[in-house]
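Undergrad: One structure is given below, represented as structure tokens, and several questions about it will come after.
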Amino acid sequence: MKRTMLLAAAALLIAGTANAQTVNSGQTNNANVRAKLNATISNVQGDVSATAAAIGNSLTAGSGGETAGVINNTQRFFGDANAQLNTTVANIDGKVNATAAAIANSATIDTHYTGTINNLQTVNYDPSAVLNANIRGVSDEVSATAAAIGNSATIKGDFGYANSTQMNYAGVNAAANATVRDVSAKVSATAAAIGNTLTVTGF
């Protein structure tokens, strides 16, 4: 009786290991996505972060340790992603990060191993990001960013096959209007407009 139970348990373990796990994700956004932040921040003894983020479709699959047979991701965006940050930041003892980000489609796949990854992303309307920032009196680093992205995909970990198709049929616009003064450390000011971006690491 004990021997039979051990054999049954072993069979279940093998079957569970051999079964392929499939992840299918389909996202379609036909509506407008808007984010607007008006922030006045002053006299802070620490770090400050002000963010306006408008994202149409977003997928995160895995956290680095998983194994999958197939991951299929399809994202279609027909809306309007618009992010605007208007901020005044003064007298800060820590770091300052001001970000306006508009993203139509975003996918992050992070697994230990995946047999096949299929990624399809399409954009048909304009993502736009606007940053208006007045920053002064900061004792640490300052980062001011306006980023507009049509399709973004990041694939981490080992895989057998990775197929990615990104199609952008829209205008992508980013504008950063920044006044920065009296800063004791590094200053970074960026306006970035990207139609398609793909990052593949770990294979």
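The values are calculated or read from the model by the stated rules, or taken from the named source; none is laboratory data. Keep in mind that what you see is a predicted model, and the values were worked out from it rather than measured. Glycine also receives a Cβ, built like all others from the backbone with ideal geometry; neighbour counts cover every protein chain displayed.
Undergrad: Please verify whether Ile103 is in a strand (DSSP E or B) and more than 14 Å from the chain's Cα centre (by Cα), treating the condition exactly as stated.
TA: Numbers: in a strand (DSSP E or B): yes; more than 14 Å from the chain's Cα centre (by Cα): no.
When the stated conditions are applied, Ile103 does not pass them.
Undergrad: Sticking with this one: Scan the stretch 45-97 for residues that are under 16 Å from Ser128 (Cα atoms) and either surrounded by 23 or more Cβ atoms within 10 Å (Cβ to Cβ) or over 21 Å from the mean Cα position of the chain (by Cα) (or both) and jot them down. Working first, answer last.
TA: Going residue by residue through the stretch 45-97, those that are under 16 Å from Ser128 (Cα atoms) are 51-57, 77-86.
Scanning the stretch 45-97 gives Ala52, Ala54, Gly56, Asn57, Phe77, Ala81, Ala83, Leu85, Asn86.
Undergrad: Please work out if Ala192 is part of a strand (DSSP E or B) and either in contact with a helix residue (DSSP H, G or I) (Cβ under 7 Å, 6 or more places away or on another chain) or at negative phi (or both).
TA: Values: part of a strand (DSSP E or B): yes; either in contact with a helix residue (DSSP H, G or I) (Cβ under 7 Å, 6 or more places away or on another chain) or at negative phi (or both): yes.
Taking the combined requirement at face value, the residue satisfies it.
Undergrad: Anything in the stretch 39-98 that is within 30 Å of Gly171 (Cα to Cα) and of a type in the set (D, E, K, R)? List them, or say none. Spell out how you get there, then give the answer.
TA: Kept after step one, since they are within 30 Å of Gly171 (Cα to Cα), are these residues of the stretch 39-98: 39, 49-61, 71-88, 96-98.
Of everything in the stretch 39-98, those that are within 30 Å of Gly171 (Cα to Cα) and of a type in the set (D, E, K, R) turn out to be Arg76, Asp80.
Undergrad: Okay, moving on. Kindly indicate whether any position in the stretch 102-111 is crowded, with 20+ Cβ neighbours inside 10 Å, in contact with a Phe, Trp or Tyr (Cβ under 9 Å, 6 or more places away or on another chain), in contact (Cβ under 8 Å) with a residue 40 or more places away in the chain and not hydrophobic (A, V, I, L, M, F, W, C).
TA: yes
Undergrad: Against the condition aliphatic (A, V, I, L, M), farther than 27 Å from Ala153 by Cβ and at pLDDT 95 or above, how does Val33 come out, does it pass?
TA: Values: aliphatic (A, V, I, L, M): yes; farther than 27 Å from Ala153 by Cβ: no; at pLDDT 95 or above: yes.
The answer is no for Val33.
Undergrad: May I pose another question? If Thr87 satisfies all but one of (1) assigned to a loop (DSSP other than H, G, I, E, B); (2) modelled with pLDDT of 95 or more, what's the number of the condition it fails?
TA: Of the numbered conditions (1) assigned to a loop (DSSP other than H, G, I, E, B); (2) modelled with pLDDT of 95 or more, the odd one out for Thr87 is (1).
Undergrad: Is it the case that the stretch 145-153 has a residue that's of a type in the set (A, V, I, L, M, F, W, C), surrounded by fewer than 19 Cβ atoms within 10 Å (Cβ to Cβ), under 18 Å from Ala100 (Cβ atoms) and modelled with pLDDT of 95 or more?
TA: Restricting attention to the stretch 145-153, the residues satisfying the condition of being of a type in the set (A, V, I, L, M, F, W, C) are 146-149, 153.
Imposing the further condition that a residue be surrounded by fewer than 19 Cβ atoms within 10 Å (Cβ to Cβ) reduces the set to none.
No, that holds for no residue.
Undergrad: Same structure again: Are any of the residues in the stretch 179-189 under 21 Å from Gly69 (Cα atoms), part of a strand (DSSP E or B) and not β-branched (Val, Ile, Thr)?
TA: Kept after step one, since they are under 21 Å from Gly69 (Cα atoms), are these residues of the stretch 179-189: none.
Checked the stretch 179-189: no residue is under 21 Å from Gly69 (Cα atoms), part of a strand (DSSP E or B) and not β-branched (Val, Ile, Thr).
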